[in-house]
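The values are calculated or read from the model by the stated rules, or taken from the named source; none is laboratory data. In this text, all values refer to a predicted model and were calculated from it rather than measured experimentally. Don't worry about glycine lacking a Cβ; one is built from the backbone with ideal geometry, like all the others, and counts go over all protein chains shown.
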Amino acid sequence: MQESISKTFNHFKIHTQYSICEGAAKIDLLKEYCKLNKVQSLGISDTANLCGALEFSESISSVGTQPIIGTQINFKYKDYYGLIPLIAKNYIGYKNIIELSSKSYLENDSLNDPHCKFEDVIHFNEGIIILSGSINSLSGNLFNKGLLEELSSIYKTFSENFADNFYIEIQRHNDANEKQFESYNLEQSKNLNLPIIASNEVFYIDKSMHEAHDALMCIGQKTYVNDGNRNRLSNNHYLKSSDEMIELFKDLPEALENNFSLPYRCNYRPLPSKPILPNISDNNIDTNQALLNESLNGLKEKFEKIFNINETEFNTNDDYKKYKIRLDHEISIITKMNYSGYFLIVSDYIKWAKNNNIPVGPGRGSGAGSLVAWCLSITDIDPIKFNLIFERFLNPDRISMPDFDIDFCEEKRDLVFEYLTKKYKNSVAHIITFGKLKARMVVRDVGRVIGLSYGFVDSISKMIPFDPSRPQTLTECINTEPRLQKLIKDDSRVKRLIDLSLKLEDLNRNVATHAAGVVIADKKLTDSVPLYKDNTSNLLLPSTQFDMYSAENAGLVKFDFLGLKTLTVINNTQKLVRKKIKDFDIEKISYEDQKVFDLMSTGKISDNLVRGLLILSSLAGLGMVLIVLLSVFQRYVLKSPLSFSEELVGLLLCSMLFLSIPYISSYEKHVKISLIVNLLSEKAKLFASVLSSLVMIIFCCWMLLETIPWMEFAIKLNLKTENSRLILYPWMAVIPLALLINLFISIKKIYKSFS
């Protein structure tokens with residue numbers, strides 16, 4: 001049995017979807033491949049990152065395959081750059097690879113070209129297997145430039161510092177200069193007494209994927225398939241069978257034997273971890289006790305300030321007893337579930353923000369149902385006063401972590417991040433996100449790189465529905481669109497476009513940063529996760545290379561810091577009011593102010609609002625007309641169509657329609673069929689009017705329930721339009737705004753009817 005296993009070829013150079021616009025081997029498909037073929041071991045080797053390490057480890061091991069964790073990192077050797085493949089032998093090796101991967105982003109002068117110094121790989125050499133690399137690596141670059149003495153010096157350095165953990169890598173893909181490079185490497189192996197190892201650089205699973213992968217590389221390189229000057233790969237970079245590889249390297253038995261034995265030298269894989277939070281309480285006080293103390297102190301302060309009750313009266317006050325019972329109940333659940341630290345951390349940075357004049361939202365979501373949150377100043381909403389239920393937020397049956405969505409003033413949110421950096425130092429970071437080649441996007445990108453005209457591809461993509469809240473797969477779109485089915489059947493260009501798009505769909509296209517998510521750990525983050533620095537932004541904090549789900553699996557706890565412009569507007573408004581009323585505080589405004597109710601009952605506010613919205617609607621319509629005219633001029637006169645015109649016109653059209661609804665509803669400017677209504681009695685007419693208003697109220701409520709999740713989705717992922725890259729959520733906010741005003745108008749109509 002041992003003999004048969006040892007003679008199985010091991011693929012340890014696989015590029016998954018986390019090799020952005022380079023790898024096309026999806027982890028879930030690799031899992032199925034391993035399960036179907038009873039694969040002994042499989043290794044990940046994504047370019048410049050470890051983003052998929054934990055996901056790959058968990059997925060592959062679940063079907064009995066040994067995961068081998070590695071990566072390829074850019075290193076600077078003198079004035080030359082290139083990739084060096086690294087494989088983790090053990091836990092120390094994995095930590096060192098994490099450190100090197102993080103350093104490549106965090107500690108270099110050019111964020112556009114993440115790399116480490118060559119000396120770094122020598123310094124962090126423990127527990128690492130290092131390979132010479134392919135023709136496209138650092139060694140390959142030096143060879144292609146004819147710098148053979150430099151290359152030989154690198155091999156000697158690796159041999160001296162890594163001993164038997166350095167292999168000269170032999171690959172056979174029929175790529176340019178690969179045979180000459182192999183001859184050189186075999187000669188160096190003989191002269192320097194270095195072991196050789198056979199490998200296969202895998203970018204996709206099935207050989208039929210080659211053309212689609214070629215298009216994927218063009219998408220990443222911003223070039224075209226027909227461009228003769230671009231980088232190309234042969235069609236041999238697929239996941240070959242063990243028999244194919246053994247046959248390919250039968251003339252190099254030493255290279256095969258070293259390949260066979262490699263999995264036995266690697267004995268570590270990253271494992272998931274339970275949530276781990278830093279202890280921010282005093283060393284002498286338990287976290288649970290700290291939560292209890294701070295919650296009780298907060299409750300007493302609330303009763304003294306809000307209820308005007310002295311501490312001496314607490315024991316005899318019925319309300320205090322009621323609140324205390326609820327507080328004890330919540331704390332018992334929180335401590336039982338080990339979430340005391342989470343509440344204390346959130347409370348800490350919110351209190352700091354409020355003490356430093358940074359506007360913070362009053363609280364929203366199910367977290368507003370927590371009395372502990374109210375006592376700790378996490379929320380400003382008294383859950384008992386408003387009959388809110390704590391168990392909606394946290395209960396013993398909840399599997400996932402609790403989640404407070406905290407709103408901060410958009411202009412001052414970075415100050416909170418600065419505070420977190422000072423307090424937690426290297427233990428805090430943003431969370432990475434990945435933009436994917438979804439149905440519309442993949443069709444547009446593939447169409448561009450294979451040389452189809454913009455107008456032609458645009459007409460195809462418009463047949464694909466765009467719904468961010470319920471995105472459809474390309475297959476689903478094809479099945480529900482007869483026009484697209486016909487074009488695929490009748491037009492070979494469309495068939496090729498769709499075939500390639502189907503193969504590339506859902507692969508990662510780009511890297512971004514989570515709009516609100518931040519993780520805080522109990523130790524230096526690079527002890528457990530690799531870090532990334534977004535070169536397109538000026539973010540204070542780095543990001544984890546693990547996405548939200550992998551970061552959570554690694555034991556990191558996510559905190560949401562949402563930037564809300566509304567808080568900035570409210571804060572600025574308060575400053576203006578205080579010029580006349582110095583002690584004005586919006587938090588002290590009564591919810592039952594009769595003057596406000598009387599003013600709203602007059603309808604003056606709604607009148608001003610609906611007229612203002614009508615003006616904005618008119619401006620949106622005017623803007624739409626101007627953009628259409630400009631687009632026509634650009635397309636037919638200048639022969640340079642505007643790529644963003646369709647998107648912007650769509651946004652303006654939606655804004656125009658919804659902004660006009662309150663005016664139409666308020667002044668009854670809509671088309672009415674009154675033939676039957678005119679025949680009714682006065683009471684029946686009243687009933688019909690009330691019924692129509694009730695229908696409108698139901699419609700508005702239903703639409704609000706549908707649109708608000710869209711808004712939250714767009715805010716969290718910072719969704720943008722495809723071409724113009726406009727942030728979507730400000731435009732989406734028009735819909736719930738118009739619906740809320742229309743809801744008020746409908747309620748007012750019913751009130752007037754009965755009055």
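Numbers below:
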item: Any pair with Cβ under 6 angstrom, 6 or more apart, that starts in the range 300-313 at a residue that is in the same structural domain as residue 380 (by TED's automatic domain parsing) and ends at one that is surrounded by 12 or more Cβ atoms within 10 Å (Cβ to Cβ) and not in a loop (DSSP other than H, G, I, E, B); result: 303/320; 309/303
item: Pairs, first in contact (Cβ under 8 Å) with a residue 12 or more places away in the chain and over 11 Å from residue 52 (Cβ atoms) in the range 543-554, second of a type outside the set (A, V, I, L, M, F, W, C) and in a loop (DSSP other than H, G, I, E, B), C-beta under 6 Å, six or more apart; result: 553/272; 554/273; 554/528
item: Entirely in the range 137-242, the helices (runs of 4 or more DSSP H) that have 2 or more residues that are more than 18 Å from residue 12 (Cβ to Cβ), assigned by TED's automatic domain parsing to the domain that holds residue 118 and among the small types (Gly, Ala, Ser); result: 148-162, 178-192
item: Subset of the range 315-346 (residues that are in contact (Cβ under 8 Å) with a residue 40 or more places away in the chain and aromatic (Phe, Trp, Tyr)); result: 323, 339, 342, 343
item: Test result for residue 52, touching a strand residue (DSSP E or B) at 6+ places or on another chain (Cβ under 9 Å) and not charged (D, E, K, R); result: yes
item: Filter result for residue 73 (farther than 30 Å from residue 231 by Cα, buried (at least 20 other Cβ atoms within 10 Å of the Cβ), of a type in the set (A, V, I, L, M) and modelled with pLDDT of 95 or more); result: no
item: Residue check, residue 88 of a type outside the set (Val, Ile, Thr) and either touching a Pro at 6+ places or on another chain (Cβ under 8 Å) or over 23 Å from residue 553 (Cα atoms) (or both); result: no
item: Selected residue (criterion: farthest from residue 557 (Cα to Cα)) from residues of the range 243-279 that are polar (S, T, N, Q) and buried (at least 18 other Cβ atoms within 10 Å of the Cβ); result: 258
item: Top-ranked residue of the range 613-646 - restricted to ones that are touching a residue at least 60 places away in the same chain (Cβ under 8 Å) and farther than 27 Å from residue 736 by Cβ, ranked as farthest from the chain's Cα centre (by Cα); result: 641
item: Some residue of the range 318-340 being on the phi > 0 side of the Ramachandran plot and at pLDDT 90 or above; result: no
item: Every residue from the range 580-622 that is of a type in the set (Asp, Glu), surrounded by 10 or more Cβ atoms within 10 Å (Cβ to Cβ) and at pLDDT 80 or above; result: 585
item: Qualifying residue in the range 484-494 (condition: crowded, with 18+ Cβ neighbours inside 10 Å, outside any loop (DSSP other than H, G, I, E, B), in contact with a Phe, Trp or Tyr (Cβ under 9 Å, 6 or more places away or on another chain) and among the charged types (D, E, K, R)); result: no
item: Residue within the range 277-286 that is within 36 Å of the chain's Cα centre (by Cα), in the same structural domain as residue 401 (by TED's automatic domain parsing), under 27 Å from residue 403 (Cβ atoms) and of a type in the set (S, T, N, Q) present; result: no
item: Flag for residue 125 being among the polar types (S, T, N, Q), under 30 Å from residue 524 (Cβ atoms), assigned by TED's automatic domain parsing to the domain that holds residue 39 and touching a Pro at 6+ places or on another chain (Cβ under 8 Å); result: no
item: Cβ-Cβ under 7 Å pairs, at least 6 apart or on other chains, the range 176-195 side hydroxyl-bearing (Ser, Thr, Tyr), far side exposed (fewer than 12 other Cβ atoms within 10 Å of the Cβ) and assigned to a helix (DSSP H, G or I); result: none
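Residues checked against (1) within 25 Å of residue 447 (Cβ to Cβ); (2) out of contact with any helix residue (DSSP H, G or I) (no Cβ under 7 Å at 6 or more places or on another chain):
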{"site": "196", "(1), (2)": "no, no"}
{"site": "203", "(1), (2)": "yes, no"}
{"site": "209", "(1), (2)": "yes, no"}
{"site": "213", "(1), (2)": "yes, yes"}
{"site": "257", "(1), (2)": "no, yes"}
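Table: residues versus (1) modelled with pLDDT of 80 or more; (2) among the hydrophobic types (A, V, I, L, M, F, W, C).
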residue: 654; (1), (2): yes, yes
residue: 661; (1), (2): yes, yes
residue: 682; (1), (2): no, no
residue: 685; (1), (2): no, no
residue: 695; (1), (2): yes, yes
residue: 700; (1), (2): yes, yes
residue: 708; (1), (2): no, yes
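Residues checked against (1) hydrophobic (A, V, I, L, M, F, W, C); (2) part of a loop (DSSP other than H, G, I, E, B):
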residue	(1), (2)
378	yes, yes
384	yes, yes
396	no, yes
399	yes, yes
426	no, no
431	yes, no
451	no, yes
465	no, yes
476	no, no
